[in-house]
Amino acid sequence: MKKNQFLIGMLVVLLVGVGVTIASCSSRSHEQWHITCEDDLLQKLETSDKGFEKYEGGDSIGYWHQRMIDEAIVEFDYIRYEFDRNTKELIGKDVYWRDDLPEHLPPIISREEAESMVEGEIQYSKLYYISPESDVFPIKPTPKNPCWVVRVRGYYDNEAYVKDVIVIDAVEGKIVGHGVPPP
């Protein structure tokens, strides 16, 4: 529950737009950002080539890395650092990292193949490794394979909303359940 509250808080901070920037000055490719140059706070603690988003709000400066396996989001896996804006002291660090996942994606069906399995107007599709602790994807047993999460749009009084969230095993090409649509 505490992790969910933290994640919701982080989402609010990012969505409100309190100066989110990429913590980087250069990159090897447009997809992989690297910690370099001016982010001395983070360089002292993080020597990897993981990309971090920097956010500033209130009395703190934070850095957030969302774990990805190739193009798949790993739900609930992240690294977060938080520093006091004035003293530059580290005031918080969280690392959630599953150790039961591969380094790279196995062969999977394409986004187009997954979307063709769904009826209705597609809002978007994303590839996930679903967490066993997920509240958004309450599928039991939790899929071990990466899954395409396909959001289907509906309309009520000419207003768009997410009508359904369909979860498709990206390796087996089968619908394995439904997610919880956002309010």
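Every read-out reported here was derived from the displayed coordinates using simple, explicitly stated rules and does not represent laboratory data. Everything quoted here is computed from the prediction, not taken from an experiment. Backbone-built Cβ (ideal geometry, glycine too); neighbour counts: all protein chains shown.
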Answer in debye to the nearest 20: the dipole magnitude of the range 98-183 about its Cα centre, from +1 Lys/Arg and -1 Asp/Glu charges placed on Cβ, is 80 debye
Per-residue counts of other Cβ atoms within 10 Å, averaged by peptide: what ranking do you get for 67-74, 159-166, highest first? 67-74, 159-166
Cα centroid distance between the range 112-183 and the range 83-101, in Å? 30 Å
Using the structure shown, select from LYS140/LYS174; LYS54/LYS93; LYS54/LYS126; LYS50/LYS93; LYS50/LYS126 the pairs with a Cα to Cα distance greater than 19 angstrom. LYS54/LYS126; LYS50/LYS126
Add +1 for every Lys or Arg and -1 for every Asp or Glu among the other residues with Cβ under 12 Å from the Cβ of HIS104, and state the total. -3
Charge dipole of the range 111-179 about the Cα centre (unit charges at C-beta), most positive-ward option of PRO146, SER125, HIS178: PRO146
List the residues of the range 92-125 whose backbone N lies under 19 Å from a point placed 7 Å from the Cα of LYS174 along the Cα-to-Cβ direction. 106-110, 113-119
Indicate the gyration tensor shape class of the range 86-183 (rounded, prolate or oblate), computed on the Cα atoms with a ≥ b ≥ c the square roots of the eigenvalues: a/c under 1.5 is rounded; otherwise a/b larger than b/c is prolate and the rest oblate. oblate
For the range 57-139, alpha-carbon Rg and Dmax in angstrom: 17.3, 54
